[in-house]
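Structure record follows, encoded as structure tokens.
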Amino acid sequence: MRIAALLFAALAGSAHAAWEWGAPLTVNTVQGAAIFPHLESANRQGVAVSGDTIGVVWEDNRDGSPQCYLALKPSQAAAFQPETRLSRGECYEPVLLALGAGRFVAAWEEAGKVRAQTVPGGTPLTLSQAGAAQVTLAAGGGKVFAAWAELAGRFHRIVVARLEAAGEGLAVRTTQGVEAGQPADEQGWPALAVTGDGSVTVAWEDRRARHTVPMASHSRDGGRSFAPPVRLTDIKSGSAPGGLGAGTGAMRPTLAPWGRQGAAAVWLDKRDFLSGYDVYAAFDSGTRRFGKNLRVQDSFGDNMAQWHASIIGAADGRLVALWDDARDGTPDVWLADWDGEAFGDNAAVPAAAGPGAQSDPVAAFDAAGNLHVVWLDRDEAAGTRVRYARAVRR
């Protein structure tokens, strides 16, 4: 056991050496044993960097009901500014998108609809026509897009809209269901990416096969029409071990632009059902088709469940996957860099590892390729902190 532990430490230290981490900061100003912050959102977009400003959004119940909050920090500032409340009614799953020059678009679910606004300033705009949830955002080529799950008959379907941000205002220019017909079963938790050639890629959880399958579709005309959806997973339905159910489960797809015109996807996959969910990835090199599925976590994480996986990309094609698992006895935040052929040895985020529970990572690159990571640090007595750290590539 000691030899295995030393080997693990050596491998993790080697991977950890790829990043030089700054001191962590606490983002939320209000904590307590009965206050519960959440960083859950479609495509895991709780942090963004716009020019020299870092923004973080989350939901917590400090006011007696779930509300969404935004905190900003100039990159040279020593701490985050006190957070401001985005919502007026019960709010869930906020996301944040950088527009540049310190401006952002925030979006969230409130009162059964999805809303968005530019920040700072701006007025909330209702995006959905019917009941909707799980909104996410993406931008590229000077265009901003939103996707969400909206009721269409008995079930939710995925809708994509092109937005226009001008000054402090925000407007919906086009709205399009990914599929024209009524959904046969639930669709939810969409992810969006705008690739280097201007194509829009959308992925989501889909139940049409009677188990949860991540599906993907592409639009080459700016979101006005979408290709027929295809599976992200290369495991067929009906192949669950021992005939248990219609198929193995997979959930929470996330997307990031990759290279000049590609996209990368990461999700949680239960094809090895005895160890719970694992992190899997697939790549679209620009053909608008995702290829073979690849496992992301290394062998030290194989025998326990992974949670809250995401993928983020930089302009130079760099990719980092993040998630949390309890391989060291308590939940810690882990990351893996893509080396061009595979994901490397897993490294723990230093301030998000060790005693206690650190989980729910969200992350973003800035224009210089620095990595910004936010996570939850839970203490049963003191409450939960929303924590932030920045890393520079060595």
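The values are calculated or read from the model by the stated rules, or taken from the named source; none is laboratory data. These numbers come from a predicted model, not from an experiment. Glycine also receives a Cβ, built like all others from the backbone with ideal geometry; neighbour counts cover every protein chain displayed.
General remarks:
- Pairing residues of segment 163-187 that are more than 22 Å from Gly222 (Cβ to Cβ) with residues that are exposed (fewer than 13 other Cβ atoms within 10 Å of the Cβ), at Cβ distances under 7 Å and at least 6 apart in sequence or on separate chains, gives Glu168/Gly121; Gln182/Gly153.
- Within segment 314-328, considering residues that are at pLDDT 95 or above and of a type in the set (Gly, Ala, Ser), the one surrounded by the most Cβ atoms within 10 Å (Cβ to Cβ): Ala321
- Among (1) hydrophobic (A, V, I, L, M, F, W, C); (2) closer than 19 Å to Ala191 by Cα; (3) surrounded by fewer than 20 Cβ atoms within 10 Å (Cβ to Cβ) - the single one Ala132 does not satisfy: (3)
- Checking the stated criteria, Arg173 turns out not to satisfy the condition of being in contact with a Ser or Thr (Cβ under 6 Å, 6 or more places away or on another chain), of a type in the set (D, E, K, R) and either closer than 17 Å to Ala107 by Cα or surrounded by 16 or more Cβ atoms within 10 Å (Cβ to Cβ) (or both).
- Selection of segment 30-48 for residues being surrounded by 23 or more Cβ atoms within 10 Å (Cβ to Cβ) and outside any loop (DSSP other than H, G, I, E, B) yields Ala42, Asn43, Arg44, Val47, Ala48.
- Against the conditions (1) among the small types (Gly, Ala, Ser); (2) without any contact (Cβ under 8 Å) to a residue 40 or more places away in the chain; (3) over 26 Å from Ala256 (Cα atoms), Gly142 satisfies every one except (3).
- Taking the listed residues Gly196, Gly181, Gly188, Gly122, the one that is under 21 Å from Glu93 (Cα atoms) and part of a loop (DSSP other than H, G, I, E, B) is Gly122, with no other qualifying.
- Scanning segment 104-123 for residues that are buried (at least 17 other Cβ atoms within 10 Å of the Cβ) and at pLDDT below 95 yields a single hit, Gly122.
- Selected residue [touching a strand residue (DSSP E or B) at 6+ places or on another chain (Cβ under 8 Å), farther than 22 Å from Ala364 by Cα and modelled with pLDDT of 95 or more] from Glu83, Glu93, Glu150: Glu150
- Residues being buried (at least 23 other Cβ atoms within 10 Å of the Cβ) and at positive phi - total across segment 194-235: 1
- Within segment 375-394, considering residues that are part of a loop (DSSP other than H, G, I, E, B) and of a type in the set (A, V, I, L, M, F, W, C), the one surrounded by the most Cβ atoms within 10 Å (Cβ to Cβ): Ala382
- Residue under evaluation Asp332, criteria (1) within 22 Å of Ala191 (Cβ to Cβ); (2) acidic (Asp, Glu); (3) modelled with pLDDT of 95 or more, criterion not met: (1)
- Selection count where residues are aliphatic (A, V, I, L, M) and out of contact with any strand residue (DSSP E or B) (no Cβ under 7 Å at 6 or more places or on another chain), scope segment 252-292: 1
- Residue in segment 265-311 that is nearest to the chain's Cα centre (by Cα), counting only those that are polar (S, T, N, Q), modelled with pLDDT of 95 or more and not in a loop (DSSP other than H, G, I, E, B): Ser310
- When every residue of segment 236-249 is checked against the conditions, none turns out to be modelled with pLDDT of 90 or more and either crowded, with 17+ Cβ neighbours inside 10 Å or out of contact with any strand residue (DSSP E or B) (no Cβ under 7 Å at 6 or more places or on another chain) (or both).
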